[in-house]
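Input: a single structure, listed below in structure tokens.
The values are calculated or read from the model by the stated rules, or taken from the named source; none is laboratory data. Because the structure is a prediction, the values reported are computed rather than measured. Reconstructed Cβ throughout: ideal geometry from the backbone, glycine too, with neighbour counts over all protein chains shown. For accessibility, only protein heavy atoms count, side chains too; no ligands or nucleic acids. Shrake-Rupley method; radii C 1.70, N 1.55, O 1.52, S 1.80 Å.
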Amino acid sequence: MKHFLASFWLLGTFLHVCTQRAIPASEFQLEGDYLIGGLFDIHDDTGSVYHERPEAIDCATKPFTLSNYRRFQMIRFSVEQVNNATDLLPNISVGYDIFDHCSDTQNFPGVLKFISANGSIQPWSDRQSVPSKVIAVVGPFTSTQSLTVAPLFMVNLVPMVNYATSSSVFSNKAKYPSFLRTLPSNSNMIDVIVRILQKFNWRWVAFLNSDDDYGNDGLDLFAQKIKDTEICLPYSKGLSDSTNYSQTFKQIEAQQINVIIVFAPENSVEPLIESAVLLNVTNKVWIAGDAWALNKKLPKMKGIKNIGTVLGVAEPVVTIPGFSEFLHSSKAQLHCKYAEQDKFCNQKCNCSCMNPEDILAADPSYSFAIYSAIYAIAHALHNTLQCGADKCNSNITVYPYIVLAELRKSNFTLVNNSIQFDDNGNLKQGSYSIVFWNNSGDAQEIGFYQFNSQVDFFIDDNKIEWHTNGEVPTSLCSPECPAGYIKKQNGIYECCFDCEICPNGTYVNITETPYTCIKCKDIEWSEEGSTSCNLRAVEYISVTDIVAILVMVAACVFVGMTLAMSVLFSVNYNTPVVRSAGGPMCFLILGCLSLSSLSVFFHFGKPTVPLCTLRYLPFLLFYTICLACFVVRSFQIVCIFKIAAKIPKLHSWWIKYNGQWLVIAVAFVIQAIFLVIGYSCKPPSPYNETSWYPDKIILSCDISLKASTASVVLLSSICALCFIFSYMGKNLPKNYNEAKAITFCLLLLILTWIIFATECMLYRGKYIQLLSALAVLSSLYSFLFWYFLPKCYIILVQPHKNTQQYFQGLIQNYTKTISQ
């Protein structure tokens with residue numbers, strides 16, 4: 001701390017010596033009741049030279065910058081206009097003290113003078129006791145210059161109203177509480193550049209920035225803002241005095257980048273563009289930042305059109321009334337009188353004899369920002385002094401921090417532009433002009449960008465003369481995929497990708513998920529390479545369908561035939577044919593066959609849980625009874641003719657305990673239990689078949705394998721047992737051989753369901769339910785036609801065979817045959 005204070009004391013002493021020198025009137029100074037400090041780099045010292053001993057920098061010996069000199073004249077004009085205003089600071093004069101701030105790190109004498117009081121700096125004293133005449137500072141130009149000097153002003157809250165420093169770091173009010181600016185920040189500038197890239201679909205770009213605080217801040221902001229976009233940054237480079245431009249352009253060309261963003265001040269851009277012309281860099285789109293978009297020299301350079309198309313983002317050029325007259329009047333009064341006079345440290349220009357027309361023709365960038373900065377300070381001072389229409393309160397002591405408080409509340413209109421600051425010291429409202437360097441060498445306005453406004457972005461494409469013969473240039477790592485294709489990233493950049501077509505049942509939404517094929521919903525379908533899904537056609541056999549009607553008619557005919565046969569058998573109940581067919585068991589069989597046919601009627605219509613349940617339950621339950629009857633009947637036939645003589649006890653037990661009815665009852669109870677348990681746990685339910693047909697939904701019934709396994713196994717077991725017993729009786733008397741008829745019916749039954757199972761594996765369309773109904777009918781008709789119908793034929797057509805004597809004769813002949 002002691003060393004710090006001692007250093008300030010030495011600098012204060014040096015400052016005091018400097019101020020004792022006679023300072024004649026000049027362009028750099030104007031006396032007034034209150035002073036505004038100005039830091040303008042009229043000259044530019046970009047070289048970094050190592051000094052072995054402390055040396056003061058002489059800016060007048062450095063390269064002169066005409067555009068900055070124009071800005072220097074703008075602050076002089078603005079102060080003079082404020083002093084001539086009748087409604088602003090009446091009877092109060094505002095002066096200025098301006099320094100040529102040509103170096104980023106060595107221009108401290110001017111800064112120290114601003115923070116001094118009575119020619120000395122006393123950092124340990126109460127600053128409110130001796131206020132400085134400098135109430136605010138305008139400048140400096142670059143972000144690095146501002147970062148260097150800002151801490152000295154922040155200590156005592158001296159307002160820094162900047163006109164060119166756009167680095168986003170100054171929005172941090174914890175570090176820079178008294179920093180305000182009258183131009184948009186880098187964040188707004190990068191927003192515009194990104195919008196331009198998106199408008200023209202440029203996704204493969206290079207970013208060249210000055211290797212300083214301004215350029216690096218722009219690069220960081222650009223990298224952040226393109227994170228959630230499709231823009232890729234394969235190449236970036238910080239520009240300095242030692243940059244190898246040839247190597248830079250070779251790397252850009254090697255990566256096939258056609259759009260180059262240059263975010264750098266004029267002194268860095270001019271050698272870059274000159275090198276591009278010399279190295280024959282062609283057919284590129286150049287996007288200029290506001291620091292060089294309105295450059296007057298480069299658009300008229302020989303060969304500039306060969307480099308491609310130049311677009312730029314610049315502050316709108318605002319015509320400031322009176323500035324031209326001021327320049328002509330000011331230069332006429334000076335007559336080069338002070339051209340060679342040595343002023344206070346770095347208050348010497350040697351440029352007083354310049355032609356006003358040359359000054360007016362220089363780059364006008366930041367002119368309105370300077371103009372509005374002076375007026376913002378003037379309005380703040382006006383409010384601090386509680387000025388009225390004709391006078392101000394002269395008893396008020398003005399301190400910089402009070403002016404700062406009023407600056408933050410600024411709200412006035414200047415040349416149709418609203419001047420207000422937000423909490424970060426940035427403009428609340430602002431705009432950019434989007435320009436194009438036309439063939440005449442002028443920056444032609446082609447659009448605009450307004451922030452904090454509803455209408456914020458517009459570009460008139462028709463005004464741009466592209467270097468590609470009217471076609472908008474492209475800058476892509478990979479061309480856009482055709483419709484229906486997704487992007488598969490190829491490499492580290494999302495902009496580089498291969499295209500893959502989306503398969504059936506999927507689609508791609510290029511605006512939301514261009515890297516993923518989205519699966520269609522179950523009720524939708526799509527072809528290969530689709531960008532949307534279509535609703536599937538819902539199919540099922542309605543009860544009004546012609547095939548459904550025909551099948552139901554066939555079922556009704558079946559029921560009618562069973563009823564007719566039941567009547568016929570009841571009339572001929574005591575005849576040998578009816579008794580050999582099973583006697584009373586025939587009526588049970590016919591009744592169960594009729595009840596089984598109920599399943600057929602529930603195969604049609606839109607599936608529901610009750611409909612799906614009744615589609616299979618009657619058939620499984622009552623057909624089990626039918627087969628159980630045939631098992632018993634087959635066993636009885638075999639028992640009578642083959643087993644009774646060999647195992648008489650079995651036959652007697654069978655007769656004594658009515659074995660046939662016992663078996664039928666047990667089969668019925670077991671099947672009923674299986675069905676109740678299975679259907680209670682997981683009843684058949686409607687099911688949408690979507691896998692077989694991409695464009696259709698087949699409405700069917702889903703039968704749980706676990707729930708129906710037991711009942712199906714039982715039915716299959718009874719069928720197998722029936723087949724075994726019936727096959728054992730195949731050699732019985734010809735006209736008394738129900739076993740042969742049962743065997744044939746079972747063969748038809750097995751064949752029917754094998755055919756149906758094969759169809760189910762090959763076909764899943766809506767007619768599968770028709771095939772299921774036909775399989776049920778076939779199972780029923782097989783017994784009706786091949787077991788009962790022949791017996792009806794004998795009863796009706798061959799009554800001579802339906803006698804006791806005829807049957808006894810057959811049995812006696814069979815007995816003789818097997819005894820021989």
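If amide hydrogens are placed 1.01 Å from N in the peptide plane, which non-local residues have theirs closer than 5 Å to the one on Phe207?
Close amide H contacts, sequence-distant or interchain: Tyr235, Ser236, Lys237, Ile261.
Above 12 angstrom, tally the Cα pairs of region 475-523 and express them as a % of all pairs, no decimals.
61
Under 1.5 on a/c is rounded, so check that first for the chain, then, if it is not, pick prolate when a/b is larger than b/c and oblate when it is not; a ≥ b ≥ c are the square roots of the alpha carbon gyration tensor eigenvalues.
Here the chain falls in the prolate category.
Among Phe622, Val551, Ile370, whose Cα projects farthest towards the positive end of the dipole of the chain, with charges put on the beta-carbon of Lys, Arg (+1) and Asp, Glu (-1)?
It is Phe622.
By how many nm would the segment from Lys173 to Val666 lengthen if fully extended, with 0.36 nm per residue of separation less the alpha-carbon distance?
168.2 nm
About the Cα centre of the chain, what is the dipole size in debye to 20, counting +1 per Lys and Arg Cβ and -1 per Asp and Glu Cβ, all else neutral?
6660
All other residues with a Cβ under 9 Å from the Cβ of Gly765 taken together, and with Lys, Arg as +1 and Asp, Glu as -1, what is their net charge?
+1
Between Thr516 and Asn490, with labels modelled 7 Å along Cα→Cβ, what's the label distance in nm to one decimal, could you check?
2.4
Cα-Cα over 21 Å: which of Lys487/Lys696; Lys519/Lys696; Lys696/Lys766; Lys227/Lys305; Lys606/Lys706; Lys113/Lys133?
As for pairs spanning more than 21 Å Cα to Cα, those are Lys487/Lys696; Lys227/Lys305; Lys606/Lys706.
Helix hunt in the chain: which complete DSSP H runs extend at least 24 Å axially by C-alpha with mean Kyte-Doolittle at least -1.0?
The answer, listed by residue number, is 2-19, 66-84, 367-384, 546-571, 609-638, 659-681, 705-728, 738-762.
Within 13 Å, Cβ to Cβ, of Ile396, how many net charges do the neighbouring residues add up to if Lys/Arg are +1 and Asp/Glu are -1?
-1
Using modelled backbone amide H atoms (1.01 Å from N, in-plane), which distant-in-sequence or interchain residues come within less than 5 Å of Lys428's amide H?
For Lys428, the qualifying residues are Gln420, Phe421, Asp422.
Could you please state how large a percent of the accessible area of the chain is carbon and sulfur, counting protein chains only and using a 1.4 Å probe?
Result for the chain: 56 percent of the exposed heavy-atom area is carbon or sulfur.
If a/c stays under 1.5 just call it rounded; otherwise compare a/b with b/c (prolate if a/b is bigger, oblate if not). Do that for region 341-461, with a ≥ b ≥ c from the square roots of the Cα gyration tensor eigenvalues.
Because a/c hits 1.5 or more and a/b fails to exceed b/c, region 341-461 counts as oblate.
State the answer as a single residue: which of Asn393, Ser93, Val472 lies farthest towards the positive end of the charge dipole of the chain, with beta carbon charges of +1 for Lys and Arg and -1 for Asp and Glu, about the Cα centre.
Selected residue: Val472.
Val553 to Glu528: FRET efficiency via 1/(1 + (r/R0)^6), r the Cβ-Cβ distance, R0 60 Å, to the nearest 0.05?
Calculated value: 0.85.
Enter the Cα centre distance for the pair region 131-167 and region 656-686, rounded to the nearest angstrom.
98
Please report the net charge: other residues with Cβ closer than 13 Å to the Cβ of Gln81, K and R +1, D and E -1.
With Lys, Arg at +1 and Asp, Glu at -1, the net is -2.
Need the C-alpha centroid separation for region 749-787 versus region 469-490, integer Å.
Using only Cα atoms to place each centre, the spacing works out to 57 Å.
Sorted by accessible area (1.4 Å probe), largest first, how do Lys227, Lys175, Lys305 line up?
Lys227, Lys175, Lys305
Let me have the 222 nm mean residue ellipticity of the chain computed from DSSP H runs of 4+ only, each contributing -39500 (n - 2.57), with the sum over all residues rounded to the nearest 500.
It comes out at -14000 deg cm²/dmol, rounded to the nearest 500.
Whats the longest run of the chain with zero chymotrypsin sites (Phe, Trp or Tyr not before Pro) that are DSSP loop and have at most 10 other Cβ atoms within 10 Å?
Result for the longest clean stretch: 125-656.
Using a Förster radius of 45 Å, what is the FRET efficiency between Phe785 and Leu535 based on their Cβ-Cβ separation? Nearest 0.05, please.
Here the calculated transfer efficiency is 0.50.
Over what distance in Å are the Cα centres of region 200-249 and region 369-411 separated?
41
For region 193-250, just say rounded, prolate or oblate: build the C-alpha gyration tensor, square-root its eigenvalues into a ≥ b ≥ c, call rounded for a/c under 1.5, and beyond that prolate if a/b exceeds b/c, oblate if not.
Oblate, because a/c is 1.5 or more while a/b does not exceed b/c.
Which one, Ile226, Asn283, Ser120, projects farthest toward the positive side of the charge dipole computed for the chain from Cβ point charges (K/R +1, D/E -1)?
Result: Ile226.
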